[in-house]
Amino acid sequence: MQKLFFPFATVAILISSAFSLAGFQDWKISDDYSIKFSSEDPSGIFRGLKGTVKFDENDLGSSKFDVAVDVASINTGNGMKNTHAKSEKWFDAAKFPLITFSSTEITKTAGGYQAKGTLEMHGVKKEFVIPFIYSHDEKGGLFTASFDINRMDFNINTAEPNHGAAKLKVDISVPVSKS
């Protein structure tokens, strides 16, 4: 009897795990994403978004974002400002080439969702919460977010705290397709 039980139990576990993973979705980040930042002084965009997006509205506990943005991809629309932003005075792209976010928890909110995790910028890691909205159709999905970041929290140009705005508004739109 025990000889039959173990193979049966193994098959039952494999079948049940296959059904629990069936709805889970890995998403491919589309090239037409947008990462904009704005303030009283600097504003522009970042390109160079890469990473992993695992998201299922019905399984938020297994959902995860691990993304990175290439700091050198900053574009303010002004070549001199771009050079200045990439310099050691601001982002120091040579020393800190990536801005990263890795979620530790994704939860449902009244207005959509929020991703708690670690934001690393300019060598500083901070716990950070990104509120976002997710919409989808049969072809793919769209993640949108809008939030503020204080550059002083990440030691960006702390030598000149009054130079440019400390708070930057960030607007993100990331279309995704099924992997």
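Only one of the numbered conditions (1) loosely packed, with under 14 Cβ neighbours inside 10 Å; (2) assigned to a helix (DSSP H, G or I); (3) of a type in the set (G, A, S) is violated by A72, and that is (1).
Within segment 105-113, identify whether any single residue is farther than 22 Å from D31 by Cα, surrounded by 15 or more Cβ atoms within 10 Å (Cβ to Cβ) and in contact with a Leu (Cβ under 9 Å, 6 or more places away or on another chain), and answer yes or no. Yes, segment 105-113 contains at least one residue that is farther than 22 Å from D31 by Cα, surrounded by 15 or more Cβ atoms within 10 Å (Cβ to Cβ) and in contact with a Leu (Cβ under 9 Å, 6 or more places away or on another chain).
Apart from one condition, Y113 fits all of (1) at pLDDT below 95; (2) within 20 Å of S34 (Cβ to Cβ); the exception is (1).
Can you say whether F101 is touching a His at 6+ places or on another chain (Cβ under 8 Å), within 22 Å of R47 (Cβ to Cβ) and free of Cβ contacts under 8 Å to residues at least 60 places away in the same chain, as far as the supplied structure shows? The answer is no for F101. Within the set of pairs 6+ apart or on separate chains, which have a first residue in segment 27-56 that is under 15 Å from S73 (Cβ atoms), a second that is basic (K, R) and assigned to a loop (DSSP other than H, G, I, E, B), and C-beta atoms under 9 Å apart? If the second residue must be basic (K, R) and assigned to a loop (DSSP other than H, G, I, E, B), the pairs left are Y33/R47; I35/R47. When K95, K89, K64 are screened for being farther than 21 Å from K50 by Cβ and among the charged types (D, E, K, R), only K89 passes.
When segment 37-66 is filtered for residues that are assigned to a strand (DSSP E or B) and under 20 Å from T118 (Cα atoms), the ones remaining, listed by number, are F37, F46, L49, K50, G51, T52, V53, K54, K64, F65, D66.
The values are calculated or read from the model by the stated rules, or taken from the named source; none is laboratory data. If you're wondering where the values come from, they're calculated on a predicted model, not measured in any experiment. Cβ: placed from backbone, ideal geometry, glycine included. Neighbour counts: every protein chain shown.
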